[in-house]
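Q: Below: one structure in structure tokens.
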Amino acid sequence: MEIIEVLPRLHMVRLAFGQAYVWQDPGSVTLVDTGVAGSGADLAEAIRSLGRSVEEVEHVVLTHFHEDHAGGASEVNTWPNARVHAHEADAPIITGAVPGPPAVITENWERRLFEQITPGVPDAPPARVDVVLEGGEVLPFGGGALVLHLPGHTDGSVAIHLPEHDVLFTGDTISNVGQVALGVFNLDKARAIESFKAMAALNARTVLFGHGEPLLVPPGGKGLDSSVVAG
């Protein structure tokens with residue numbers, strides 16, 4: 001586990017597999033994604049290392065249902081004040097009420113990557129979802145966190161935009177592993193491309209991905225570039 005400061009109030013927690021984000025407000029802490037099953041102890045340690053406690057964690061936002069993002073949610077459910085948020089299309093999968101649909105993979109390179117990665121990702125235990133999102137909500141952290149329903153990677157994928165701080169959490173719709181690109185293992189690639197374009201139009205200066213390094217756009221620099229995706 002590694003903790004990386006992105007901004008004074010924002011840290012990325014690099015886990016054994018995948019990553020999560022900790023946003024700090026004066027009176028509360030927010031967690032975006034929870035890593036794979038078994039990540040709870042590392043997340044708690046990361047929060048304590050920042051001088052905060054799990055008792056201060058009030059908002060936990062899951063960007064989508066995949067095991068490397070929602071796998072630790074059942075452990076976070078045990079934290080006394082943490083309320084897990086997920087979109088209504090993915091919430092039944094996170095709770096275990098229905099199985100998650102498989103990604104639609106048509107490219108050989110993507111299939112090989114899927115077969116290489118997935119054996120090492122444990123199943124996500126069913127977790128409680130306390131707040132079911134529709135998209136359009138403004139959550140009370142980061143000066144007002146706008147929930148954007150941007151499907152394609154999954155039906156219930158969401159991004160979180162903090163306009164006051166010019167920060168955007170993309171989930172897995174966009175990745176930055178070597179280069180900024182459309183994320184892999186999508187349910188609907190065409191919708192994912194449109195969601196990528198919608199995020200690029202926000203021109204956020206600090207962009208956090210489900211996989212890969214944060215994008216910090218310097219003054220006058222170019223942010224997300226939707227020309228990297230087809231369609």
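The values are calculated or read from the model by the stated rules, or taken from the named source; none is laboratory data. This structure is a prediction, so every number in the text was calculated from the model and none was measured. Note: ideal-geometry Cβ built from the backbone for every residue, glycine included; neighbour counts use all protein chains shown. The protein model used for the area step is the full one, side chains on, heavy atoms only, and it has no ligands, DNA or RNA in it. Shrake-Rupley method; radii C 1.70, N 1.55, O 1.52, S 1.80 Å.
Q: What number of residues within segment 40-72 satisfy the criterion of being open to solvent by less than 10 Å² (accessible area, probe 1.4 Å) and either closer than 25 Å to P151 by Cβ or modelled with pLDDT under 95 (or both)?
A: 9
Q: Still on this structure, I have one more. Among the listed residues E194, E164, which satisfies the condition of being modelled with pLDDT of 95 or more, in a helix (DSSP H, G or I) and either in contact with a helix residue (DSSP H, G or I) (Cβ under 7 Å, 6 or more places away or on another chain) or open to solvent by 50 Å² or more (accessible area, probe 1.4 Å) (or both)?
A: Answer to the check: E194.
Q: Let me ask you something else. Residue check, W109 against (1) among the aromatic types (F, W, Y); (2) open to solvent by 80 Å² or more (accessible area, probe 1.4 Å); (3) in a loop (DSSP other than H, G, I, E, B), all met but one. Which one?
A: Only one criterion is unmet by W109, namely (3).
Q: Which residues, counting only those in segment 22-59, are out of contact with any Pro (no Cβ under 9 Å at 6 or more places or on another chain), in contact (Cβ under 8 Å) with a residue 60 or more places away in the chain and either more than 24 Å from P126 (Cβ to Cβ) or not charged (D, E, K, R) (or both)?
A: Selection gives W23, T30, V32.
Q: Filter segment 1-44 down to the residues that are more than 15 Å from G142 (Cα to Cα) and of a type in the set (S, T, N, Q) and list them by number.
A: Q19, T34, S39
Q: Looking at (1) more than 19 Å from the chain's Cα centre (by Cα); (2) closer than 21 Å to P140 by Cβ; (3) not in a loop (DSSP other than H, G, I, E, B), can you tell me which one H85 breaks?
A: (1)
Q: Taking segment 73-94 on its own, how many of its residues are out of contact with any Leu (no Cβ under 9 Å at 6 or more places or on another chain), in contact (Cβ under 8 Å) with a residue 12 or more places away in the chain and surrounded by fewer than 19 Cβ atoms within 10 Å (Cβ to Cβ)?
A: 4
Q: Same structure again: Restricting to segment 112-128, give me the number of residues that are of a type in the set (G, A, S) and part of a helix (DSSP H, G or I).
A: Here the count works out to 1.
Q: Then there's this: May I ask you to list the residues in segment 95-127 that are over 16 Å from L187 (Cα atoms) and in contact with a Phe, Trp or Tyr (Cβ under 7 Å, 6 or more places away or on another chain)?
A: The answer is G120, V121.
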